[in-house]
Amino acid sequence: MSTEVNSPFLEDTKLRADVDRSLRHPVMFFFTSGAAWLAVSLVLGIITSIKTHAPGFLDCTSFFNTGLTMQAHMSTLIYGWGAQAAFGVIIWLMARLSRQESKRSGIILVAGHIWNAAMTYGVIKILMGEGSGIAWLYFPTEVTAVLIGLYFFIGTWSVIAFRVRRGGHIYISQWYILASLFWFPWVLLTGFLFCQIYLGEGHPMMITATSAWFRSALLLLFFTPVAIASAYYIAPKVTGRPVYSYNLAIFGFWALAIVGPWVGMQRLMGAPIPSFMPYLSAGAAILLLIPAIAVAINILRTAKGSSSAMAHSPSLRFTVAGAVGLLLMAGIGALISLPSVMKYTQFSTVQYGYELTAILGFFSMCMYGAIYFIVPRVTNREWISVGLIRQHFWLSIYGVLAIALIYTITGGFMHGDIIERPGEVAATAYSRLYPYAISLTTGFIFLLISTFFFCVHLLLMWLRLGRRSSHPTLLVRHPHGSPHGPEGDLDKLAELDSNLSAN
Amino acid sequence: MSVQPIDPKKPDLEESTNVSLQHADVMRSAGAASREKQVRENGLEPVSMWIFITGSIIAIIAGSVLFKSSSLLEYDSFVASGYTQKDDPGGATTVPSAEIESLYMSMGKAKYTGCIACHGADGNGTPGAFPPLAGAKWVKESPIIPAFAIIHGVKGAIEVQGSTYNGNMPSQGGDTMGDLELAALIYYIQNSFGNKVGVLYTPEQIGQIRKLSNERSESGQVTAAELTKYLGKKLDGDSFEPGTIVNKKTGEILEVE
């Protein structure tokens, strides 16, 4: 390859390609192992869900007790898939937007391997019944400590890349990513210290209150900003249009930063903690609709009008689905925080369904959009199969709809209605929940099928078995004799190259 | 390529560079990166009025929820008003109920844990120190004697099963114990360790014992001499029929099987 490139456009393209290449292995490692953990999490979720409508399922061993599989299911979903997908997107987006090659890919890769090893150990411990039992911090203390330590070996380089960025303007995605880089250790350390370390000190209800805050904060101050950063990058990048309103984008950021940390304790309404705390959190959870609407409108208006990009680009399709998921998440979150509604939802399955909707319907959709964009760049190969992408999209949509609309909203209120009736026995509530538990299992099975093929697709791409083409893999129905559309001018370019070299 | 250069300071081309060659090179090694569109960040479309209106409505709802809590930032107020589940409207209130014999046995056994240290789990006592309850006439012949022992304690020499014990049993809190609990404890020791008296005393009958206890001429712990006069003494009134279903909390009769 030539070393001297003088055209500014070519120079920038080369720089971007160099950034991509420098991050190939850590990014592909995070995405692929994240997708594998997502599949594991869905299998554990299916086992847990089946046990609610068929209690005798897999009762041969204590490893698969509902309480244990539920903990392992949530842990793998959060730390296996969620955190790793987010890390991949964070390091790539920050390097790209700051125009800085990664110089510490080796360290990130090693930290990623230890992260997975620690998680495997933690999941086995949970299934043996030796987890901590604290919501979303189910791993034994030593595993959580290792994960927090590893984060600094993964995230620090992105902060440095931002400090030494090229170009003066800071794009909105960088705002969100930089914030999440600081919020993640803050939230995780707070949860870890107050729910797993300083247990004997202070009021015992403080653990419950901190745990409730921790769950919400991890969702709203880590997963949400990363997903929004990716959406703000993908939508303009694919459509070629600027962000609809940049002022609205800045407003959305500050609204999330100000409102987000107050949410979480509304689920402890009526618990013996100072009684203003749940009300404060409930108010904040409703206010959260404002940044959610600002972001979602901005993304949807940016994508609107490029109907061909919407129809053809998997990245944009998933991102738009993620923006709708953001509205769904904030809408359910606000609804179940209204004190008049809360009596039906506080102790029902709505709470779990809300978490699933947020992670699978909003965060994961945005991550898929980013992954479909990033992987061809870091591997310099195009996605192999349009069919695999298409099944991934539609099965994800069906799965999320089954979980969000049928299980969470309808099922949750049916369940909560029976719980609220005095004199009804618990068995009635469970028989009422039965069809919705089946819809949860069905949704999980849809997602598991799509995730399995997605994971295989990613693995093949990492092995660089993707297509060599100058045309992207788009969701078109082969008008040019190839399942992917026109294959481009690679051969022509090679010919030109050899002709020129010969001269 | 009609894309705007990133850095317009530099000249577009230089004579010395073979542009076609460079272009082909980049296209081949960075196909995806080279076809990307530039991100332009200065979108300044006007924000729809509806977003402001929706936002204001949301803020009003959120504020109304926030100020439902009358005690903002007050760390000593723990109870939110109106946060209790409504009563069952005219429904059949279920009362915790149990069959009297099993209730007395389980309740009495739980109470007896306070006696195990001296009288033993098997009721045989500690030879030479604490008398046995198993087979003792003091236990079997009248409910008044064990009740007095529990209420007041016992002191002085007492002959049990052919051995004489000279111990000092302090009061076991029989005064503060509920009538139902005391009845259960007496039933338990009269019907365990091989004892078989079989009478299910009612809380009202325990009331008779309390009356006797208040009319005592002596004070402090009871002695064997005082207890002797109660040997063989029965209580007035009907005791529970076996199989009676009672309220677990009050001992009120709910039905007789």
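Bear in mind that the values in this text are calculations on the coordinates, not laboratory data. Values in this document were obtained by computation on a predicted structure and should not be read as measured data. In this analysis, Cβ positions are derived from the backbone assuming ideal geometry, glycine residues included, and neighbour counts consider all displayed protein chains.
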Taking Cα pairs closer than 8 Å and at least 6 residues apart, the relative contact order of chain A in percent is 15
Please name which of B:LEU133, B:ILE100, B:ILE158 has its Cα lying farthest along the dipole of the range B:97-256 towards the positive end, using unit charges on Cβ (Lys, Arg +1; Asp, Glu -1) and the Cα centre as origin.
B:ILE158
Contact order normalised by length for the range B:207-257, with contacts defined as Cα pairs under 8 Å and 6 or more residues apart; what percent is it?
21
What's the Cα-based Rg to Rh of the range B:97-256, Rh via Kirkwood?
0.95
Can you pull the one-decimal nm distance between simple spin-label points at B:LEU231 and A:LYS103, each 7 Å off the Cα toward Cβ?
10.2
Rg/Rh for the range A:65-168 to two decimals, with Rh computed the Kirkwood way over all alpha-carbon pairs.
1.09
Euclidean distance of C-alpha centroids, the range A:165-240 and the range B:148-202, integer Å:
65
For chain A, the dipole about the Cα centre with charges only on Cβ (Lys and Arg +1, Asp and Glu -1), to the nearest 20 debye, works out at 680
Calculated FRET value between A:PHE182 and B:SER171, using beta carbons and R₀ = 60 Å, to 0.05
0.35
Let's test the formula: R0 of 56 Å, r as the Cβ-Cβ distance of A:ARG163 and A:THR61. What FRET efficiency results, to the nearest 0.05?
0.65
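Counting Lys and Arg as +1 and Asp and Glu as -1, what is the net charge of the other residues whose Cβ lies under 14 Å from the Cβ of B:SER213?
That works out to 0.
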Once fully extended, how much extra length lies between B:ARG216 and B:VAL199, figured as 0.36 nm per residue of separation less the alpha-carbon to alpha-carbon distance?
3.6 nm
Taking a spot 7 Å from the Cα of A:ILE114 along the direction of its beta carbon, which residues of the range A:123-155 have an amide N less than 17 Å from it?
A:141-155
Separation between the A:ALA427 and A:ILE250 pseudo-spin-labels, each 7 Å from Cα along Cα→Cβ, expressed in nm?
6.3
Straight distance only, please: which lysines reach the Cα of B:LYS37 with their own Cα at less than 28 Å, same-chain residues fewer than 8 apart left out?
A:LYS14, A:LYS103, A:LYS237, A:LYS304, A:LYS492, B:LYS9, B:LYS10
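Give me the net charge for the shell around A:SER216: Cβ to Cβ below 15 angstrom, other residues only, Lys and Arg +1, Asp and Glu -1.
+1
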What is the mean number of Cβ atoms from other protein chains located within 10 Å of the Cβ atom of each residue in peptide A:266-278, rounded to a whole number?
5
For B:MET105 and A:THR190, extending 7 Å from Cα along the Cα-Cβ vector and measuring point to point gives, in nm, a value of 5.6
Gain on full stretching of the segment that runs from A:LYS304 to A:TYR398 - 0.36 nm per residue minus C-alpha separation:
31.6 nm
Using only alpha carbon pairs under 8 Å that are at least six residues apart, calculate the relative contact order of the range B:97-256 and give it in whole percent.
30
Counting other Cβ atoms within 10 Å, which trypsin sites (Lys or Arg not before Pro) in the range A:269-375 have at most 15 and lie in a DSSP loop?
A:LYS304
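In what order do A:TRP383, A:TRP186 fall by count of nearby beta-carbon atoms within 10 Å, going from fewest to most?
A:TRP186, A:TRP383
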From a point 7 Å beyond the Cα of A:ASP18 in the direction of its Cβ, which residues of the range A:92-111 have a backbone N at a distance under 14 Å?
A:96, A:99-103
In whole Å, what is the distance between the alpha-carbon centres of the range A:266-325 and the range A:12-71?
24
Could you please report the charge total around B:ILE145, scoring K, R as +1 and D, E as -1 over all other residues with beta-carbon less than 11 angstrom from its beta-carbon?
+2
Tell me, B:LEU103, A:LEU405 in order of fewest to most beta-carbon neighbours within 10 Å?
A:LEU405, B:LEU103
Helical mean residue ellipticity (222 nm; -39500 (n - 2.57) per DSSP H run of 4+; nearest 500) of the protein assembly as shown:
-18500 deg cm²/dmol
Ranking of A:TRP136, B:TRP50, A:TRP81 by count of other Cβ atoms within 10 Å, fewest first
B:TRP50, A:TRP136, A:TRP81
Could you give me D for the protein assembly as shown, from Stokes-Einstein at 10 °C and 1.306 mPa s, where the hydrodynamic radius is the Kirkwood radius over C-alpha pairs? Units µm² s⁻¹, please.
51
Between B:ILE57 and A:ILE258, Cβ-based FRET efficiency (R0 22 Å, step 0.05) works out to 0.70
